[in-house]
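Reviewing the structure listed below.
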Ligand code: MFK
Ligand code: FAD
């Protein structure tokens, strides 16, 4: 019989992940740790099943049907299997509800679930992230009526009343520069606000609600005059007629995710708070979705490395398994080292978020979180592409073949750097944070880490890096142009 190549096998994403296990054992009190186990084990099982399913079935994309046979506008979207299972998996394993429990550990427990569920979910995690962000922004707004209306759905543990929320910011005029928003909010004769305009990317178009930026009628130009509104999209089982789906985007990756172009023709809307400073009001949402992005980016890296490592044991070249070739082993080790740094940073912001939200953070930790969130998002976003690309090469030609399931890892990874703020936009956001107390907070955090660590080499490298960054900020970045031009370099240095 001719030689047949073994396919890579996915080891259990939870039980075999020594980094995640060690983090949870270290960070959680024993009782909470034990209580978490069943959900993580089940999400690991689901991830293994989903990988098998993806390798043995033909990939599908969501399909939009705009008109029925009798000429009625229906805008019906057929979803892929992982998406039809999404609400049940999310609510059964409390993926979102866990993050809003009354504990400083809530976010860590939530993001451990997200890390395991993400790839199996086929980016159902995208609307989950936005739903979590919407819940966080609504809570932060202090709007009691909206909190009581929306949060029981967003954080539900029952699939039958679970709602997804979208985040409608990007328009044709600009996604980074939302100050150009053209969507207008007008009050009808009954005083109800209604949105009119076009949103260019809407990734949770099948969701039941959204937070949307719009300019109240008569407000001046610019970002500060935008308001943040809550909308609902469904009227019972039917989509509201004031929300029209123009088409689904044809994308490089995230193909199971139905990302739509929509327009709003008087969709009823409720302001979260004051009728201005909508960007400030949406910021809590942005910071949560950026945390999701970092966790999902490291989940992609973990998957790519896990498969490449398994393949290295199965594949023979020059008379021995790949793993016994020093250079191949070194390649895998280098990928693992980069990944472990990214894993540490991503879960650090998850833990910090939990501590800050529950009022148990040290005085410097809120400022630290404000800086580390954009840094984690921008660094993991880029690293996911590098590691997925390297992993594909580890499979040789097979890594380039669609029905191995491997190329999808790379195509999907490209999105992490683009949505939720591009690398440049987040580098500039880290300057916003550094203009406050964040650099001092980073020094305090680094010092306390160095105090508990006897690696002199690492300590000296870290001190030198921080000193160089401080010198650059003080002496060289003397104009706004210089500061912005160097922002990406600074951000990557600090993240690393
Ligand atoms: C599977 C993985 C999960 C991921 C899910 C992904 C789903 C994808 C969905 C999307 O992509 S949704 C669209 C996301 N869009 C963006 O992220 C927009 C990117 N652009 C920016 O982030 C710009 O920097 C920004 C729109 C914020 C610039 O707006 P402005 O108004 O020109 O900025 P300005 O004036 O500096 O900030 C306004 C206020 O917000 C300021 O506060 P004050 O009014 O009190 O002075 C800022 O400090 C505050 N702010 C801005 N960014 C902040 C923030 N506060 C806290 N955290 C931040 N990150
Ligand atoms: P631009 O803002 O035009 O950016 C173009 C380039 O210019 C980028 O490289 C950027 O880094 C650079 N740039 C911009 N400003 C600066 C600056 N000041 N300094 C230096 N460089 C700069 N949006 C939503 O609102 N809701 C969604 O559900 C949603 N889903 C999405 C799903 C997918 C799959 C994708 C790909 C995008 C989605 N988006 C969504 C949109 C996304 O958030 C935007 O595409 C993103 O924020 C970038 O905006 P833009 O496309 O207008 O690019």
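No lab work stands behind these numbers, since they all come straight from the coordinates. What you see is a predicted model; the values in this text were computed from it and never measured. FYI the Cβ positions are ideal-geometry reconstructions off the backbone, even for glycines, and counts take in every protein chain you see.
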Let me know the volume per residue of the alpha-carbon convex hull for the range 340-485, in Å³. 151 Å³
To the nearest Å, what is the center-to-center distance of the range 305-354 and the range 1-74, using C-alpha atoms only? 19 Å
Report Rg/Rh for the range 318-394, rounded to two decimals, where Rg is the Cα radius of gyration and Rh the Kirkwood radius. 1.20
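Please compute the contact order of the range 364-457 in relative form: average sequence separation of alpha-carbon pairs under 8 Å and at least six residues apart, divided by the residue count, as a percent. Don't skip to the answer; put the middle values down first.
Values: 68 pairs, mean separation 40.0, N = 94.
Once normalised by length, the contact order is 43 percent.
Going by average Cβ neighbours within 10 Å, how do the peptides 140-146, 266-272, 207-213 rank, with the highest at the top? Show your work: numbers first, answer last.
Numbers: 140-146: 15.0, 266-272: 19.7, 207-213: 25.0.
Packing proxy ranking, top to bottom: 207-213, 266-272, 140-146.
Taking the chain, how much of its Cα-Cα pair set, in percent, is spaced more than 39 angstrom apart?
Values: 30282 of 122760 pairs.
Tail of P(r) above 39 Å: 25 percent of Cα pairs.
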From the square roots a ≥ b ≥ c of the eigenvalues of the alpha-carbon gyration tensor of the range 31-162, which class results: rounded (a/c under 1.5), prolate (a/b over b/c), or oblate? oblate
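How long are the three semi-axes of the equivalent ellipsoid of the range 210-337, in whole Å, if each is the root of 5 times an eigenvalue of the C-alpha gyration tensor, listed from largest down? All intermediate terms of the calculation are to be shown ahead of the outcome.
Numbers: eigenvalues 469, 75, 26 Å².
Values for the range 210-337, descending: 48, 19, 11 Å.
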How far apart, in nm, are the 7 Å Cα→Cβ label points at residue 277 and residue 5? 5.8 nm
Restricting the calculation to Cα positions, tell me the Rg (one decimal) and the Dmax (whole number) of the range 165-278 in Å. 13.6, 44
Between the range 105-146 and the range 380-421, what's the alpha-carbon centroid distance in Å? 24 Å
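If you count, for each residue, the other Cβ atoms within 10 Å and average over each peptide, how do 424-434, 322-332 line up from highest to lowest?
424-434, 322-332
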Sequence gap at least 6, Cα distance under 8 Å: using those rules, report the relative contact order of the chain to the nearest whole percent. 14 percent
Using the beta-carbon distance between residue 250 and residue 52 and R0 = 22 Å, what value does 1/(1 + (r/R0)^6) give for FRET efficiency, to the nearest 0.05? 0.20
Relative to a virtual label point 7 Å from the Cα of residue 325 in the Cα→beta-carbon direction, which members of the range 390-433 show backbone nitrogen distances below 18 Å? 390-401
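Rounded to a whole number of µm²/s, how large is the Stokes-Einstein D of the range 1-46 at 37 °C and 0.692 mPa s, given Rh as the Kirkwood radius over C-alpha pairs? It would help to have the intermediate numbers written out before the result.
Details: Rh = 12.5 Å.
So the translational diffusion coefficient is about 262 µm²/s.
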For the range 159-227: rounded, prolate or oblate by the Cα gyration tensor [a/c cutoff 1.5]: oblate
Can you run the Rg to Rh ratio on the range 399-449? Use alpha carbon positions and the Kirkwood inverse-distance Rh. 1.29
What are the semi-axes of the equivalent ellipsoid for the range 428-495, taken as the square roots of 5 times the Cα gyration tensor eigenvalues, largest first, in whole Å? 24, 12, 9
